[in-house]
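The block underneath contains the structure these notes are about, expressed in structure tokens.
The values are calculated or read from the model by the stated rules, or taken from the named source; none is laboratory data. As the structure is a computational prediction, the values presented were derived from the model and not from experiment. Methodologically, a virtual Cβ is constructed for each residue, glycine included, from the backbone with ideal geometry; neighbour enumeration extends over all protein chains shown. Protein only, heavy atoms only, side chains kept; ligands, DNA and RNA dropped before computing areas. Shrake-Rupley method; radii C 1.70, N 1.55, O 1.52, S 1.80 Å.
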Amino acid sequence: MMKRIGLVMVLALLLALTLPQRSSAKIIVGLSSVNVAFLPVYVTEAKGFFKDEGLDVLLVLFNAGATNLQALIGGDIHMMGSAFVETIGGRAAGVDIKNFWGVCNIMPFQLYSQADFKSMKQAKGKRFAISRFGSLTDFLTRATLRHFGVDSKEVTILQIGSTPARFAALSAKAVDASIVWFPVTEIAKAQGYNKLLDLKEIFPEWPYETFAAKESYLNKERDQVSKFLRAYQRGVKYTIENKAEAVKIIGKYVKLDPAYAPAGYDEYRDSFPLNGQIAEKIIPVVIEEEFQAGRIKKKVTLEDMVDRSFIKALGK
């Protein structure tokens, strides 16, 4: 009897060693910036919701959407969380990229300038800071100039980097104006800089951040993407329902001054769609503007840009 039990134990051990072990699926996600717009992503990771779905998710942080897009094209990441506008250039250039889930629908940007730069009528000859050419700040700066009838060739547009870097350049008088977001907007106002424009005046509805990936990846890894989104939906719901915990996570991931974190939460809370809807209305207008300005050589359509199948399946 003992010999039989011993033999069974040995066979069980050999079976455990020879059978393939279940491992977590690896998904590498690039985020185009560190900001409150990605709060539900941070919450999902912090609360272990990705792991609950059997996923090993690695968040990779970039300082601009253009570099995030290049990482996606090069295969260094599987999907990207980025401004929708930054995917338009990739699609127009022939990359099989699709936006498949809305992360944040809000226009958070304001244009601040030196105290003596009081009106866009003074814009000609001024220096405007952006993160990188092809980024969201590049598009919004040029769109603002067009809105006020100023040709971008009549100003100097400088690649500076992240929002803190651009505000540092503004503080050092190395530039005359920059698009910034919360909480730098509050800091700029407190320090006496002039608010030239709240971009909500031009873009009241805006698909600020989305998840995007190559169509080939979405088709091949549909099950893994669905698991990712189910976990993310839990993160959105938890974010909306648990302000105190979400504010703590803002401090951990965004490194936001505790004095500003609660206000940051309040500003963004209602912009996170639980159903993944993307604010699509403005997208054809943006595509047309990019085409007319010559920044994309091929006109793409809304259908080229959006895969709604995940939203239909999981967003109910």
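Once R0 is set to 22 Å, what does the formula 1/(1 + (r/R0)^6) return for the Cβ-Cβ distance between Lys316 and Lys51, expressed as a FRET efficiency to the nearest 0.05? Working shown, then result.
Working: r = 25 Å, r/R0 = 1.13.
After rounding, the FRET efficiency stands at 0.30.
Between (1) 158; (2) 174; (3) 146, which matches volume of the Cα convex hull per residue in Å³ calculated for the structure shown?
Correct label is (1).
If the cut-off is a Cα-Cα distance under 24 Å, which lysines reach Lys220, setting aside same-chain residues fewer than 8 apart in sequence?
Qualifying lysines at Cα under 24 Å: Lys26, Lys51, Lys98, Lys312, Lys316.
Which Cα, out of Asn219, Phe291, Thr156, lies furthest along the positive dipole direction of the chain (beta carbon charges, K/R +1, D/E -1)?
Positive-end residue among those listed: Asn219.
Given a 1.4 angstrom probe, what's the average accessible area per residue across segment 176-316, in square angstrom?
On the way: 6880 Å² over 141 residues.
Per residue, segment 176-316 has an accessible area of 49 Å².
Quick one: if the Förster radius is 22 Å, what FRET efficiency do Ser152 and Asp304 give, using the C-beta to C-beta distance and rounding to 0.05? List each step's numbers first, then the result.
Values: r = 26 Å, r/R0 = 1.17.
After rounding to 0.05, the efficiency reads 0.30.
Report the antiparallel proportion of the DSSP beta bridges in the chain as a percent, rounded to a multiple of 5. Working shown, then result.
Details: 19 of 36 bridges.
Counting only bridges with both partners in the chain, antiparallel ones make up about 55 percent.
So for segment 207-284, averaging the separation of alpha carbon pairs under 8 Å that are six or more residues apart and normalising by length, what relative contact order in percent results?
Numbers: 26 pairs, mean separation 28.9, N = 78.
Relative contact order of segment 207-284: 37 percent.
Label-point separation (nm) for Ala25 and Glu186, each offset 7 Å from Cα along Cα-to-Cβ?
Going by the 7 Å Cα→Cβ label model, 3.9 nm.
Rounded to a whole number, what % of the accessible area of the chain do carbon and sulfur atoms account for, probe 1.4 Å? Please report the intermediate quantities before stating the final value.
Working: 8130 of 14860 Å².
For the chain, the apolar C and S fraction of the accessible surface comes to 55 percent.
Just to confirm the number: angle between the C-alpha axis of helix 243-253 and the first principal axis of the chain, 0 to 90 degrees, nearest 10?
80
Treating only the Cβ atoms of Lys and Arg (+1) and Asp and Glu (-1) as charged, compute the dipole magnitude of the chain about its Cα centre; round to the nearest 20 debye. Can you show the working numbers first?
Numbers: 42 positive and 33 negative charges, 109 e Å.
Charge dipole of the chain: 520 debye, to the nearest 20.
Determine which residues of segment 269-292 fall in the zone a paramagnetic label at Val95 would reach in this model, i.e. backbone nitrogen under 18 Å from the point 7 Å along Cα→Cβ.
From segment 269-292, the list is 287, 290-291.
With labels modelled as points extended 7 Å from the Cα through the Cβ direction, what inter-label distance (nm, one decimal) is found for Ala115 paired with Lys297?
Rounded to a tenth, the inter-label distance reads 4.8 nm.
Using label points projected 7 Å from each Cα along Cα→Cβ, tell me how many nm separate Asp270 and Gln159, to one decimal.
Roughly 3.9 nm, to one decimal.
Based only on the alpha carbon positions, what is the Kirkwood hydrodynamic radius of segment 168-316, in angstrom?
On the way: mean 1/r = 0.0539 Å⁻¹.
This gives a value of 18.6 Å.
At 0.36 nm per residue, minus the direct Cα-Cα distance, what do Lys220 and Ala172 gain on full extension? Give it in nm, one decimal, please. Mind showing how you got there, number by number?
On the way: separation 48, 0.36 × 48 = 17.28 nm, distance 4.91 nm.
The span from Lys220 to Ala172 would gain 12.4 nm if fully extended.
Assuming 0.36 nm per residue, please report the length gained on full extension of the stretch Glu288 to Lys124 beyond their Cα-Cα distance. Kindly include the intermediate steps, with their values, before the conclusion.
Working: separation 164, 0.36 × 164 = 59.04 nm, distance 2.46 nm.
In short, 56.6 nm is gained.
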